[in-house]
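Down below is the structure, laid out as structure tokens.
The values are calculated or read from the model by the stated rules, or taken from the named source; none is laboratory data. Keep in mind the model is a prediction, meaning the values are calculated, not measured. For neighbour counting, all protein chains shown are included, and Cβ atoms are generated from backbone atoms with ideal geometry for every residue, glycine included. Surface accessibility is based on the protein's heavy atoms, side chains included, excluding ligands, DNA and RNA. Shrake-Rupley method; radii C 1.70, N 1.55, O 1.52, S 1.80 Å.
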There are 2 protein chains.
Amino acid sequence: MSQFDLDAYLRQCRSQVEAALDRYLPQQYPDKLYEAMRYSLLAGGKRLRPILCLTSCRMSGGSADLAMPTACALEMVHTMSLIHDDLPAMDDDDYRRGKLTNHKVYGEDMAILAGDALLAYAFQLIAEKTVGAQPERVVEVLGRLGKAASGAGLVGGQVVDLESEGRTITLETLEYIHTHKTGALLEVSVISGAILAGADGGVVERLTRYSRCIGLAFQIRDDLLDITATQAELGKTAGKDLRDRKATYPSLLGYDGARDRAEQLREQAVAELADFGASARPLTALAEFIVQRRH
Amino acid sequence: MSQFDLDAYLRQCRSQVEAALDRYLPQQYPDKLYEAMRYSLLAGGKRLRPILCLTSCRMSGGSADLAMPTACALEMVHTMSLIHDDLPAMDDDDYRRGKLTNHKVYGEDMAILAGDALLAYAFQLIAEKTVGAQPERVVEVLGRLGKAASGAGLVGGQVVDLESEGRTITLETLEYIHTHKTGALLEVSVISGAILAGADGGVVERLTRYSRCIGLAFQIRDDLLDITATQAELGKTAGKDLRDRKATYPSLLGYDGARDRAEQLREQAVAELADFGASARPLTALAEFIVQRRH
């Protein structure tokens, strides 16, 4: 069995995604709006959500082209949430991915509007550009993306996160925050690729469990990195959780306890892929990447 | 031919829409988020967009139930745009529909998030709750709604509007602002009902022309009301355009010129309905309502 080269795979996926993002969102009138949208959308990043979507689509027998509009839409929703979370009325952050945040460059009004436009365009993109999927599958993906981006998903998580600042919270509340704030969109990233490719209910269930494990592991890793990584590595303010006395996995479970929990979750995620054989190697490697990433 | 009773029709539609909005968006956890969403969504208003959607669906042979999720989604997108437009970073308004604006009650962070959640939920609602339409028709409606809510639609209009404040602008720019800021969503309101009901391309084209006329007429009426109506009638700050030296139809065409233009547009809109006979009476009456409304 040849070794799966995750680095090469990530590089290749990333460059396909970057090209598609640029193509799907060309500069146009009104100029400043599209500049602001493109500034944050094309600012780099891991492109983890699109890559998960493309990978699960391929594993389920679909092509990358089939899932590309959805993959890019997921990145647009993610970018919208970052732009709005960084606003002065929310987390009030000046840097993101090593660059000034959207509102620092374009102003608060434009940052709010650029986020709104990215969110709405994500749905337009999937609806208009998906080719070769059954329409009922496209409707299902649109519905799940809407749920992941709304009060039942990332907005709900952000609200509870904001309300919890400076307060002692339970592990249950912490898990609510993360399964919603980051987990919901990661889950739909994995599931949507499989749905578009026509995967059956059993496959979707397994991938749902896989994605819940990696979603939580992703967040624990984020918390650990906030303690150990430097601002240069993160591209955003480091040590912020501690300074804000924010509840995190390390603060609730201890550093080693949190690290062990992430490793357990990786194992659980990979166990869900057992029946898929060699075709699951990219998703297996992605679970490992999530737990070991340095930024 | 019996006289069509528009007032009774509007009252009946409105009460159906209000009940559906309340049902589709029940109070839930996280409490403050859903309170904020419901505060603005259930704050009254003309419910013009949902009524246009239900009416064009019925005229095209569909039931009100078929279009109700889409009708409510249109109101959610409209409400999102009002909440975000009222923010201090944008128009900085304290009152809307005679009540304090969302951010004055719930804070800026919650107002931004309530808007985001309403926008995303609109797509979820259509995708999950539409029953009895062909899936490709649902995909088309979702794509058109996404476009109307994004940079090619209302956000684009709002950006150009913000950039034009205190500047002299041409009639062309003014029409860009209004065909995007209010026109795009009014257009998809009319079209989506017909699409869900299975209307053919010719019908959709006529309704597109109808909706462009009433969209512009709606905006001209808004500008005229800003001059003549009181704050009590409008439920928002009156005379604001003049104070902000904002370009409006009356400022470019004169009061009488603008009023005549609205009347011309009403006639053009009604002419598009000629072939539909008696079934077009509600849409005909709605065009009249738009040009004559007092708030």
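Just to make sure I understand: if all protein chains stay in place, what is the order of B:86, A:109 by accessible area at 1.4 Å, largest first?
Highest to lowest solvent-accessible surface, that is A:109, B:86.
Under the definition of Cα pairs under 8 Å and six or more residues apart, what whole-number percent is the relative contact order of segment A:6-292?
Here the relative contact order equals 20 percent.
At residue A:171, with labels set 7 Å past Cα in the Cβ direction, how many nm apart are the copies from this one, shortest first?
Values, ascending and in nm: 7.0.
Net charge around residue A:121, counting only other residues with Cβ within less than 12 Å of its Cβ (Lys, Arg = +1; Asp, Glu = -1)?
Once positives and negatives cancel, what remains is 0.
Using a 1.4 angstrom probe and counting only protein chains, how large is the accessible area of residue A:136 in Å², to 10?
Taking all protein chains as shown, residue A:136 has close to 100 Å².
Rank B:114, B:253, B:42 by how far each Cα sits towards the positive end of the charge dipole of segment B:6-292 (+1 on Lys, Arg Cβ; -1 on Asp, Glu Cβ) and give me just the farthest.
B:42
Residue A:97 to residue A:293: extension gain in nm, 0.36 nm per residue of separation minus the Cα-Cα distance?
Contour length minus Cα-Cα distance gives 69.1 nm.
Arrange the residues B:105, A:270, A:188 by how much accessible surface each exposes, largest first, with a 1.4 angstrom probe.
B:105, A:270, A:188
Enter the mean projected area of the convex hull around the alpha-carbon atoms of segment A:1-95, in nm², rounded to one decimal.
For segment A:1-95, averaging the hull's shadow over all directions gives 7.6 nm².
Other chains' Cβ within 10 Å of B:137-148 residues: what's the mean?
Partner Cβ neighbours, averaged per residue: 6.
Of A:181/B:32; B:46/B:147; A:181/A:246; A:46/A:99, which sit over 18 Å apart, Cα to Cα?
B:46/B:147
Work out from phi, with θ = phi - 60° and the Karplus expression 6.51 cos²θ - 1.76 cosθ + 1.60, the ³J(HN,Hα) of each residue of segment A:70-84, listed in order in whole Hz, and give x for Gly and Pro.
5, 4, 5, 4, 4, 5, 5, 5, 4, 4, 4, 5, 5, 4, 6
For residue B:96, which sequence-distant residues (separation of 5 or more, or a different chain) have an amide H within less than 5 Å of its own amide H, given hydrogens modelled in the peptide plane?
It is B:101, by chain and number.
Taking the C-alpha atoms of segment A:49-116, how large are the radius of gyration and the largest Cα-Cα span, Dmax, in Å?
Here Rg and the maximum Cα pair distance are 15.1, 44 Å.
Can you give the net charge of the other residues whose Cβ lies under 12 Å from the Cβ of residue B:253, counting K and R as +1 and D and E as -1?
Net of charged neighbours comes to -2.
Over the heavy atoms of residue B:4, what accessible area does a 1.4 Å probe trace out, to the nearest 10 Å²?
For residue B:4, solvent-accessible area is about 60 Å².
Rank these residues by their accessible area, most exposed first, probe 1.4 Å: A:228, A:70.
The ranking, largest first, comes out as A:228, A:70.
Nearest 100 Å² is fine: what is the total accessible surface buried where chains A and B meet, probe 1.4 Å?
So the total buried area for this chain pair works out to about 3600 Å².
Give the accessible surface of chain B per residue, rounded to a whole number of Å², with probe radius 1.4 Å and ligands, DNA and RNA excluded.
Per residue, chain B has an accessible area of 38 Å².
Gap in Å between the Cα centre of segment A:62-111 and the Cα centre of segment B:1-65?
32
GNM, chain B, Cα, under 10 Å: largest mean-square fluctuation among B:268, B:134, B:28?
The residue that fluctuates most here is B:28.
What's the FRET efficiency of residue A:278 with residue A:19 using the Cβ-Cβ distance as r and R₀ = 41 Å, to the nearest 0.05? All intermediate terms of the calculation are to be shown ahead of the outcome.
Details: r = 28 Å, r/R0 = 0.67.
My answer for the efficiency is 0.90.
So what does the Cα-only Debye profile of segment B:1-41 read at q = 0.17, 0.25, 0.33 Å⁻¹, as log10 I(q)/I(0), no solvent term?
Cα-only, vacuum Debye calculation for segment B:1-41: -0.56, -0.82, -1.04.
For residue A:277, what is the net charge nearby, where nearby means another residue's Cβ is under 15 Å from its Cβ and Lys, Arg count +1, Asp, Glu -1?
Summing Lys and Arg as +1 and Asp and Glu as -1 gives +1.
Spin-label point model (7 Å from Cα, Cβ direction): what's the residue A:205 to residue A:129 distance in nm?
So the two model labels end up 3.5 nm from each other.
Tally up the carbon and sulfur contribution to the accessible surface of the protein assembly as shown as a whole percent, 1.4 Å probe, everything protein left in place. Could the numbers behind the result be given before it?
Working: 10730 of 22740 Å².
The C+S portion of the solvent-accessible surface of the protein assembly as shown is 47 percent.
Provide the convex hull volume over Cα atoms per residue for chain B, in Å³.
Output value, Cα hull per residue: 121 Å³.
Roll a 1.4 Å probe over the protein heavy atoms and report the accessible area of residue B:144 in Å², nearest 10.
Roll a 1.4 Å probe over it and residue B:144 shows about 80 Å².
Return an integer: the convex hull volume of the alpha-carbon atoms of the protein assembly as shown, in Å³ per residue.
Convex hull volume per residue, Cα atoms: 139 Å³.
Helix-derived [θ] at 222 nm for chain B: sum -39500 (n - 2.57) over DSSP H runs of at least 4, divide by residue count, nearest 500?
After summing the helix terms and dividing by residue count, I get -22500 deg cm²/dmol.
Mind putting a number on the dipole of segment A:6-292 about its Cα centre? Charges go on the C-beta only, +1 for Lys and Arg and -1 for Asp and Glu, and I need it in Debye to the nearest 20.
540
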